[in-house]
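The values are calculated or read from the model by the stated rules, or taken from the named source; none is laboratory data. Remember, it's a predicted structure, so these values are computed and weren't measured experimentally. So basically every Cβ, Gly included, is an ideal-geometry build from the backbone, and we count neighbours across all protein chains shown.
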Amino acid sequence: MPSVITRSKRHFTPDNFLLKIESFSLLSKSGLEYNSDIFEAGGHKWRLSLYPKGIKKNIVNGHISLYLANTDTGVLPLGWEVNASFKLFVFDQIRDEYLTVQEVFVHERSVKRQCLSFIEEPYNNTLTWKIERFSTLDEEYYYSQEFIVGDSKWKLKVHPKGDSIVEKRAISVYLWLCDCLPTEQNVFAEYKLRIRDQIKGKHKEKRAEDWFPSSDGWGYPEFLLLKDLNNASKGFLVNDTNSHSFCAKAFDKAHEEWNEEKKKICVTFIEKDGEEKVINVPIGMSILEAALEHDVDIEGACEGSCACSTCHVIVQDMEYYNKLEDPTDEENDMLDLAFGLTEKSRLGCQLIAEHELDGIRLALPSAT
Ligand code: FES
């Protein structure tokens with residue numbers, strides 16, 4: 001990197017990556033580091049790292065810190081070196097110009113644009129989940145119903161007898177993001193999980209701040225010891241019912257905006273054992289190919305030539321099923337031979353990823 005930093009001003013937009021931050025004051029208040037999506041320039045992958053309050057190891061008071069980081073160092077040979085000449089810009093919204101502090105060395109035509117927005121005290125931000133007949137629960141874990149807070153769908157996950165880390169010692173509670181996000185996108189949440197003391201109001205409560213990746217969760221394996229949960233005087237279980245709640249304080253979502261065209265869609269496969277696998281499928285790729293590439297348990301015996309029914313998938317939502325092209329006669333003939341045929345059955349090799357299928361959920365039949 002150059003040893004001398006120069007500053008200048010210009011009116012035209014940066015060439016490689018734009019990051020817009022809405023509600024910067026909330027981000028700043030949180031003091032969190034923010035890492036942008038990855039973007040490409042000069043044949044390398046990069047990201048911006050922003051420290052709204054400055055980075056502590058550099059003793060710079062009253063400044064934000066902004067870094068450019070190379071993210072594909074893992075594939076570079078031993079002793080690698082990348083010489084980059086780059087500029088970082090901060091947009092002056094009053095004068096409509098960019099303060100320039102240095103630019104990634106190759107000019108590219110398409111600019112990746114990303115927007116970071118915060119919601120403080122989102123509307124309808126509390127979910128209460130009452131679990132009745134608690135002592136009879138015999139599954140490893142349970143999910144609450146999904147609920148929407150701050151543009152995202154969430155659910156709670158409870159392991160009544162603890163997950164594998166704290167088995168039979170404590171109850172485990174997690175907050176789960178249900179949204180299917182493109183790779184490298186995350187949702188930030190500042191939230192509180194609670195098991196209510198239904199007698200004295202001395203709830204067991206934990207607060208946290210986390211970045212949630214696509215369809216993933218954060219929480220506490222050891223949320224509350226089972227001996228405390230089962231202690232009748234503590235009020236966590238009354239009439240064999242306990243009550244969990246989730247309360248969100250702030251959310252942030254990073255999303256691409258403007259005219260940047262998405263090149264992949266998000267597809268969820270529900271495997272035979274109920275496990276969900278979320279994958280990003282390039283536009284134009286068949287669902288069968290994408291499934292095989294990501295080790296989804298699907299067969300595809302005729303390799304996509306529409307001569308078997310071993311790539312049978314069941315579209316979960318009629319809304320998505322109606323967006324699909326009608327099956328051809330050949331596909332219908334093969335579907336007639338499929339095990340467990342439903343009104344929303346299709347052949348995975350005949351389904352091609354298109355923009356309007358973003359978010360589609362496909363279940364695999366129990367046999368083919
Ligand atoms: S792989 Fe045989 S019909 Fe799809």
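What the table shows:
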quantity	calculated
Pairs where the first residue, in the range 300-327, is more than 16 Å from F339 (Cα to Cα) and the second is within 15 Å of the ligand (Cβ to nearest atom) and part of a loop (DSSP other than H, G, I, E, B), C-beta under 8 Å, 6+ apart	C302/C308; C302/T310; G304/C311; L324/L351
Any hit, the range 301-310, residues being within 16 Å of the ligand (Cβ to nearest atom), under 20 Å from the mean Cα position of the chain (by Cα) and part of a loop (DSSP other than H, G, I, E, B)	no
Matching residues in the range 108-133 - criterion: being out of contact with any Leu (no Cβ under 6 Å at 6 or more places or on another chain) and modelled with pLDDT of 70 or more	N125, T126, L127, T128, K130, I131, E132, R133
Subset of the range 324-336 that is touching a strand residue (DSSP E or B) at 6+ places or on another chain (Cβ under 9 Å) and more than 10 Å from the ligand (Cβ to nearest atom) - its residue that is farthest from K264 (Cα to Cα)	P327
Test result for S214, outside any strand (DSSP E or B) and at pLDDT below 75	yes
Scan of the range 337-359 for residues that are surrounded by fewer than 17 Cβ atoms within 10 Å (Cβ to Cβ) and within 12 Å of the ligand (Cβ to nearest atom), ordered by number	L337
Residues that are surrounded by 19 or more Cβ atoms within 10 Å (Cβ to Cβ) and in a loop (DSSP other than H, G, I, E, B), drawn from the range 145-160	G150, P160
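Results for (1) within 30 Å of L156 (Cβ to Cβ); (2) surrounded by 14 or more Cβ atoms within 10 Å (Cβ to Cβ); (3) modelled with pLDDT under 90, shown as yes or no for each residue.
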{"site": "N280", "(1), (2), (3)": "yes, yes, yes"}
{"site": "S286", "(1), (2), (3)": "no, yes, no"}
{"site": "D329", "(1), (2), (3)": "no, no, no"}
{"site": "L335", "(1), (2), (3)": "no, yes, no"}
